[in-house]
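Here is the structure we will look at.
The values are calculated or read from the model by the stated rules, or taken from the named source; none is laboratory data. Only a predicted model underlies this, so the values are computations on that prediction, with no experimental measurement involved. Positions of Cβ are backbone-derived with ideal geometry, glycine not excepted, and every protein chain shown enters the neighbour counts.
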Ligand code: TRP
């Protein structure tokens, strides 16, 4: 049976962190056997918010290397850089004719970014969701693993595909946001002030590139408090976050011990010692991240290998993209 096609993109606007790993990359790895997967680095999208490209190149290399280090197999999936697939840009052009200014201006992400960069509200920012739709449609994907914040973009991609089909003939499958049944894991920053971020509050974000000491320092500084006043209290979100992380990287006994301590009372006071919990978490996190970091650095250090892998990904990505573009040109009537 033909496998369903999956597409997802990662913006290379900073270093990948635990939130990216547990929210996205881990699921990509899980999908690679079940689906025909196309994963790519959305470097054109980065230009809408980061016109200065000094760091972009290294970020692109790093995103490729880290995805492989996390378990994506370049022989199973197509792992490529968006700008290596020029077919995407041509499809973006056709889709732009089907996208309306009004709907683009109403997009939540556009409004947020326009507010954040009032001096650079460029047309690329406005048509960001159209480029994203082209990324997806060029591979005729039906499943797109993304978080909640991307659902509006997926709806727009679906609308654009439908409009295309209505006007030019029914050739494009409709894409849908997809995630495994279990809940999407959200990782907060260690300061308890919001999501882990590629570029903001770097001291409270654990990056896959962090060295062992940085990991330890960040975890030891994570926000805690004096502990619960009574047994079986509800956990504040920043404490829950530490437990979430522990469940992801520590063994079940360690988690059970600190759960027990959190809920137990020792002569009236709750028994948990956050210092001990953080020490345990820090060591387990180091064990978890070190092999990923080392593998990524090994790939990054071998530019020849890296380029070979990127070429392999681009060839795979382009082969299906070229097929789609041919169908699209025929449908639009550009086959002279
Ligand atoms: N907009 C996505 C984000 O900010 C990145 C992205 C670009 C993407 N193109 C895509 C995601 C295509 C899924 C499919 O995270």
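The set of residues in the range 82-98 that are part of a loop (DSSP other than H, G, I, E, B) and either within 22 Å of residue 43 (Cα to Cα) or within 14 Å of the ligand (Cβ to nearest atom) (or both) contains only 85. Among the candidates 69, 42, 24, the residue that is within 22 Å of residue 209 (Cα to Cα), out of contact with any helix residue (DSSP H, G or I) (no Cβ under 9 Å at 6 or more places or on another chain) and surrounded by 20 or more Cβ atoms within 10 Å (Cβ to Cβ) is uniquely 24.
Residue-level check: of (1) within 10 Å of the ligand (Cβ to nearest atom); (2) crowded, with 21+ Cβ neighbours inside 10 Å; (3) farther than 17 Å from residue 177 by Cβ, residue 9 misses just (3).
Considering only residues in the range 99-110 that are over 21 Å from the mean Cα position of the chain (by Cα) and assigned to a helix (DSSP H, G or I), the one that is surrounded by the most Cβ atoms within 10 Å (Cβ to Cβ) turns out to be 104.
Considering (1) within 14 Å of the chain's Cα centre (by Cα); (2) at pLDDT 95 or above, the lone condition that residue 89 does not fulfil carries the number (1).
The number of residues in the range 13-24 that are more than 10 Å from the ligand (Cβ to nearest atom) and either in a loop (DSSP other than H, G, I, E, B) or assigned by TED's automatic domain parsing to the domain that holds residue 208 (or both) comes to 3. Is it the case, given these coordinates, that residue 67 is under 11 Å from the mean Cα position of the chain (by Cα), within 14 Å of the ligand (Cβ to nearest atom) and either in contact (Cβ under 8 Å) with a residue 60 or more places away in the chain or assigned to a strand (DSSP E or B) (or both)? The answer is no for residue 67. Checking each residue in the range 25-45 for being within 17 Å of residue 316 (Cβ to Cβ) and either more than 10 Å from the ligand (Cβ to nearest atom) or without any contact (Cβ under 8 Å) to a residue 60 or more places away in the chain (or both) picks out 28, 31, 32, 33, 35, 36, 37, 39, 41. Among the residues of the range 155-170, at least one is within 12 Å of the ligand (Cβ to nearest atom) and in the same structural domain as residue 88 (by TED's automatic domain parsing). Could you list all residues from the range 139-154 that are assigned to a loop (DSSP other than H, G, I, E, B) and more than 10 Å from the ligand (Cβ to nearest atom)? If the condition is that a residue be assigned to a loop (DSSP other than H, G, I, E, B) and more than 10 Å from the ligand (Cβ to nearest atom), then 140, 142 are the ones that fit. The listed residues are 311, 279, 326, 295, and the only one of them that is surrounded by 14 or more Cβ atoms within 10 Å (Cβ to Cβ), out of contact with any helix residue (DSSP H, G or I) (no Cβ under 7 Å at 6 or more places or on another chain) and in a helix (DSSP H, G or I) turns out to be 279. Taken together, the criteria exclude residue 114 from residues that are in the same structural domain as residue 96 (by TED's automatic domain parsing), within 14 Å of the ligand (Cβ to nearest atom) and either in a helix (DSSP H, G or I) or buried (at least 20 other Cβ atoms within 10 Å of the Cβ) (or both).
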